Structure formats: C-alpha cells, structure tokens
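Note sheet for the following structure.
Just so you know, all these numbers are worked out from the coordinates, no wet-lab data involved. Since the structure is predicted, the reported quantities are computational estimates derived from the model, not experimental observations.
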Amino acid sequence: MNARRYISRIMVILLAGCSFGACSKNDDAAQIYYSEVRSVDKLALAQMTISKMATIDDIHLEDAEGARQTAAALLDAVKIGNRKAAYSYDTYLRAFIDLSTLTPEDVKVDETSRTITLTLPPVQTEYLGRDMEIREDHYRVTGMRSDIDARERAAIKEQMNTVLKAEVEEKPEFRNRLIGQAKTKASAYFSSLLGRDGYNVNVKFREGN
C-alpha cells in the first residue's frame, strides 16, 4: 500500500513538472513573439485620398456681410473685367496601429493547440498632407480686376481643409471603410509573420474605434 502511494505521489509530481514546463515554454515563446511584434512600432496599413474644390470670385452685393464687404462689392461692381479662379486640394486619411502600446499580455501562445492569440491596439486614423499646395484648375482675371494673391489662396486652402475634415466627421463611412481595410491587412500581415513556425494565428483588436 505504501509503495502504491509513493508511486502515485511521484506521478503527481511528474505531471505537475510537465505542466510547469509547458507553461514555461508558452511564456518563453510569447515573449519572443511579443518582442517581434512590438519592434514594428507604428504600422501604417491603409490610406485614402480625399479631395475638395472651391472657387474664388468677387463678392456680390446681395451676399456681402458688413460695411467692409459691402464697400468691396460696390467697388467690384463698377470695375471692368472678370475675376474668377478654381482650386482643388487633396489631403490623406491614413489608418495605422500604434504598437508601442502593445503589452506582453496581448500575446498568448498555446503550445498544445499550436495557437498564437494576438490582441492588437485599436486602429487609429490621422490626416496627412496638411502642407501640400493647392492646385489651380481655372484662373481668369481680365480688365482692371486685381490678381488673386497669396493671402486669398491661403485662405481658400484653409477653408477647404476645414470643410473637408468636417465632412469626414459627419460621414463616418469614410473612416469606417478605411479601418475595415486596415484590420484585414493587419490580420493577414501578422498571421504571416507569426504563423511561419506552424502556429495558427488568431488576431483580435482592442476596443477603441
């Protein structure tokens, strides 16, 4: 009886040792893959071009606001010639993942099922191209009209940029479509990166979008 108990205790110790060894192997692999993913830092995944067009024209008397605009409209009304220009402006909305916020707990390795579960930070978006020049699509100044100067072009660019961003905020389908594309690309990228050793890779995203 004592011999049986002794053997049973040895078997329990051996099983516990095997479980501890498996956990240790899981932790070591998770740390390696965590370091590899974390080293990517900021991963750009998708980009969308958004364009806006606007025109510069003389202020008509019926559209004038305040004494200054009214005076300018009256002066323009008696000038000979035409003054009109059209400009377009592009900005870019980019989707990315900031992997500097990844934690070791976001990478789980299960050696038994040969599965890596990666929980990525939420996809974020940002605007690019803020300093790009506007394009002149049409320009017509004739007679005694004054040329369109740098101040007016800067003002119309700022106006287009403001309106463009407001439209993106009011229409979430632009950002949602970009985030969807980014998640698809991120899943494919990390499945390939981490699955090269024969693991099944399950990619998830933290809440935030």
Return the long-range amide H neighbours of Asn202 (sequence gap of 5 or more, or a different chain), with a cut-off of under 5 Å between placed amide H atoms.
Ile116, Thr117, Leu118
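Please report the orientation-averaged projected area of the range 97-202, defined via the convex hull of its C-alpha atoms, in nm².
Values: hull surface 41.4 nm².
Value for the range 97-202: 10.3 nm².
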Under the Karplus relation with 6.51, -1.76 and 1.60 and θ = phi - 60°, whole-Hz ³J(HN,Hα) for the range 32-37, x at Gly and Pro, equal 5, 6, 4, 4, 5, 5
Eigenvalues of the Cα gyration tensor times 5, then square-rooted: what semi-axes does that give for the range 116-157, in whole angstrom, largest first?
46, 10, 6
